[in-house]
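Down below is the structure, laid out as structure tokens.
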Amino acid sequence: MQTRLYIGGEFVDGLAGGTIEVINPADGTVLASVAEARAEDIDRAVLAARRAFPGWSATPAADRGRLLLALADAIEANAAELARLESLDTGHPIRDSSRLDVPRTAAAYRYFGGIADKHEGSVIPVERGFLNYVLREPVGVAGSIVPWNFPLMFTSWKLGPALAAGNTTVLKPAELTPMSSLRLAELIADTGFPPGVVNIVPGYGHTAGARLAEHPGVAKLSFTGSTQTGRRIVAASAGNLKKLQLELGGKGANIVFADADVAAAVRGSAFGIFHNQGQACIAGSRLLLHERIADEFLDAFLAVASGIRLGHPLDPATQMGPLTSATHRDRVLGYMKVAADEGGTVLAGGAPPADPALAAGFYLQPTVVRAAPGDRVCQEEVFGPFVTVSTFRDEDEVIAIANGTEYGLGGGLWTADLSRAHRVAAALRAGMVWVNSYKRVSPASPFGGVGLSGYGREMGFAAMDEYTQPKSVWINVDGGVPDWYAS
């Protein structure tokens, strides 16, 4: 395993000599001890990126794209190793990291490699005698702070568009899960990216992350994480008014109407909340069931939840692994008391599994809680295998419930009525809506939210806009200059 910082094309130790112990969430053992980046390491990473920017931004877009395509090839060639590393580090079941995380990572780099020379400017129709065109130019050094829930995949969502657009980058992985990002750094070096174009510096949020957010040499910062940290980043960014892109928390409403295909809705809803142990900002953590089918749905859903196989992440039979840290597992467990205090009823789960073979890991049973829409467990992001269930009578009521939180990232609905599907999708206050599915993503489709879920978009042409700035150029075609002082 690579354990050192990647700065200026070289693997180096942190200047202060500190290290971070990376814990295996399946058994609590130490996976590795990696170099800890502190403020002074962020400074030298930003300096390396600033020095590399003129050459990289001047590199033809097609050539930048070819390097990203080569990186996608390298990821696919090392897919088994990357999937295993991601599962060990995060607790993702190997069936998910190999079928979803790694392929989605390669697909994102491949998409942005292909889009690099297709992100166009525009020509504006203006008055006769002038030509006005708009260039899209890279912003400079783009900082990225990646969370611990999908570390490998999120690097591609940030590095892909940043590099395609001609920016250089400094990326800080989460201190809990840096291993796949450091392996990615090796692949980046092997692929032939010029030194300083990509710098990867694991460190703690209050030191390395804070310095990246406030650094005057960073022109843009993309952050994925909690809403509380997002607020701190907004304040820290004010020094140089850097461009921000924030993908924050969520409290997804997953609505099942009476005419839905119940069997399909049960399967899709289980994936929507229990995939990756519920550690996803877009998780469908609020099940809103029409009262007419609520009992039928719940019987089937509880059977699925109770049948989910918990186990070691590297076991191909495992459907749900451990939560990524003991601290987070305990935080999620704390919501059991919150639910009980507010009169909620735990219908399934609510505790670590009884299997002694899992006792050393950070496991939690799939948990289903019946609660009222206004309860804390229906308003606050739990970020675990924890879903609340409430019922509704009609469309107007459920739209009000769905829109009744301060978050607005993703939401879904299940119905056979096409008119209702369009109507409710339009009414939901969310950046993404899934109809008769949940948690679908594509490198070509904008990803982001509204309200306390943040602003800006990952993926697609929208992401290329996030990593560029428009420059309006006026050309006097006729050559005449009016004499404003003539009589």
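The values are calculated or read from the model by the stated rules, or taken from the named source; none is laboratory data. This structure is a prediction, so every number in the text was calculated from the model and none was measured. Heads up, the Cβs are rebuilt from the backbone with ideal geometry, glycines too, and the neighbour counts pull from every protein chain shown. Heads up: the accessible areas ignore ligands, DNA and RNA and are worked out on the full protein's heavy atoms, side chains in. Shrake-Rupley method; radii C 1.70, N 1.55, O 1.52, S 1.80 Å.
Scanning the stretch 302-341 for residues that are in contact (Cβ under 8 Å) with a residue 24 or more places away in the chain and either in contact with an Asp or Glu (Cβ under 6 Å, 6 or more places away or on another chain) or under 19 Å from Pro373 (Cα atoms) (or both) turns up Val332, Tyr335, Met336, Val338, Ala339.
The helices (runs of 4 or more DSSP H) found entirely in the stretch 375-487 that carry 3 or more residues being of a type in the set (Gly, Ala, Ser) are 418-427, 460-466.
Going through Lys471, Lys439 one at a time, which residue ends up being surrounded by fewer than 23 Cβ atoms within 10 Å (Cβ to Cβ) and over 30 Å from Ser57 (Cα atoms)? Please lay out each step first, then the result.
Details: Lys471 fails: over 30 Å from Ser57 (Cα atoms).
Lys439 is the lone residue from the list that is surrounded by fewer than 23 Cβ atoms within 10 Å (Cβ to Cβ) and over 30 Å from Ser57 (Cα atoms).
Taking the stretch 178-292 as the region of interest, the helices (runs of 4 or more DSSP H) fully inside it that hold 1 or more residues being over 22 Å from Asp43 (Cα atoms), modelled with pLDDT of 95 or more and over 18 Å from the mean Cα position of the chain (by Cα) are 179-191, 262-274. All conditions but one from (1) under 26 Å from Leu82 (Cα atoms); (2) surrounded by fewer than 18 Cβ atoms within 10 Å (Cβ to Cβ) apply to Tyr363; the one that does not is (2). Among residues of the stretch 34-56 that are under 20 Å from Met179 (Cβ atoms), those with a Cβ under 8 angstrom from a residue that is of a type in the set (S, T, N, Q) and open to solvent by 60 Å² or more (accessible area, probe 1.4 Å), sequence gap 6+ or separate chain, pair up as Val34/Thr19; Ala35/Thr19; Glu36/Thr19. Among the residues of the stretch 194-214, those identified as of a type outside the set (A, V, I, L, M, F, W, C), buried (at least 24 other Cβ atoms within 10 Å of the Cβ) and closer than 17 Å to Pro173 by Cβ are Asn199, Pro202, Gly203, Gly209, Arg211. Of all residues in the stretch 451-461, those satisfying the criterion of being open to solvent by 50 Å² or more (accessible area, probe 1.4 Å) and out of contact with any His (no Cβ under 8 Å at 6 or more places or on another chain) are Tyr455, Arg457. Here is the figure for the stretch 324-374: residues that are in contact with a Ser or Thr (Cβ under 8 Å, 6 or more places away or on another chain), in a loop (DSSP other than H, G, I, E, B) and within 13 Å of Phe386 (Cβ to Cβ) total 5.
Of the residues Asp394, Asp417, only one is farther than 24 Å from Gln277 by Cα and open to solvent by 60 Å² or more (accessible area, probe 1.4 Å); which? If you could, list the steps in order and put the result at the bottom.
Details: Asp417 fails: open to solvent by 60 Å² or more (accessible area, probe 1.4 Å).
After ruling out the rest, the residue left standing is Asp394.
Taking the condition within 13 Å of the chain's Cα centre (by Cα) and of a type in the set (A, V, I, L, M, F, W, C), does Val441 pass? Against the criterion (within 13 Å of the chain's Cα centre (by Cα) and of a type in the set (A, V, I, L, M, F, W, C)), Val441 qualifies. For the stretch 65-96, the set of residues classified as open to solvent by 30 Å² or more (accessible area, probe 1.4 Å) and either without any contact (Cβ under 8 Å) to a residue 12 or more places away in the chain or more than 23 Å from Leu364 (Cα to Cα) (or both) consists of Arg66, Leu67, Leu69, Ala70, Asp73, Glu76, Ala77, Asn78, Ala79, Ala80, Glu81, listed by residue number.
Taking Pro147 as the residue in question, decide whether it is open to solvent by 10 Å² or more (accessible area, probe 1.4 Å), assigned to a loop (DSSP other than H, G, I, E, B), of a type outside the set (A, V, I, L, M, F, W, C) and out of contact with any Leu (no Cβ under 8 Å at 6 or more places or on another chain). Step through it out loud before you land on a result.
On the way: open to solvent by 10 Å² or more (accessible area, probe 1.4 Å): yes; assigned to a loop (DSSP other than H, G, I, E, B): yes; of a type outside the set (A, V, I, L, M, F, W, C): yes; out of contact with any Leu (no Cβ under 8 Å at 6 or more places or on another chain): yes.
Yes, satisfied.
All of (1) touching a residue at least 60 places away in the same chain (Cβ under 8 Å); (2) touching a helix residue (DSSP H, G or I) at 6+ places or on another chain (Cβ under 7 Å); (3) part of a loop (DSSP other than H, G, I, E, B); (4) of a type in the set (A, V, I, L, M, F, W, C) hold for Leu15 with one exception: (1). Pairing each residue of the stretch 123-146 that is of a type outside the set (S, T, N, Q) with any residue that is open to solvent by 70 Å² or more (accessible area, probe 1.4 Å) and part of a loop (DSSP other than H, G, I, E, B), provided the two are 6+ apart or on different chains, yields C-beta distances under 9 Å for Arg128/Val477; Arg128/Asp478; Gly129/Val477; Gly129/Asp478; Phe130/Val477; Phe130/Asp478; Leu131/Val477; Arg136/Glu120.
Looking only at residues in the stretch 339-358 that are hydrophobic (A, V, I, L, M, F, W, C) and closer than 16 Å to Pro313 by Cβ, which one is surrounded by the fewest Cβ atoms within 10 Å (Cβ to Cβ)? If you could, list the steps in order and put the result at the bottom.
Filtering the stretch 339-358 down to residues hydrophobic (A, V, I, L, M, F, W, C) leaves 339-340, 346-348, 351, 354, 357-358.
Applying the additional criterion that residues be closer than 16 Å to Pro313 by Cβ yields 357-358.
Working: Ala357: 12, Leu358: 18.
Here the answer is Ala357.
Evaluate the following for Arg99: is it free of Cβ contacts under 8 Å to residues at least 40 places away in the same chain and of a type outside the set (A, V, I, L, M)? Yes: the conditions hold for Arg99.
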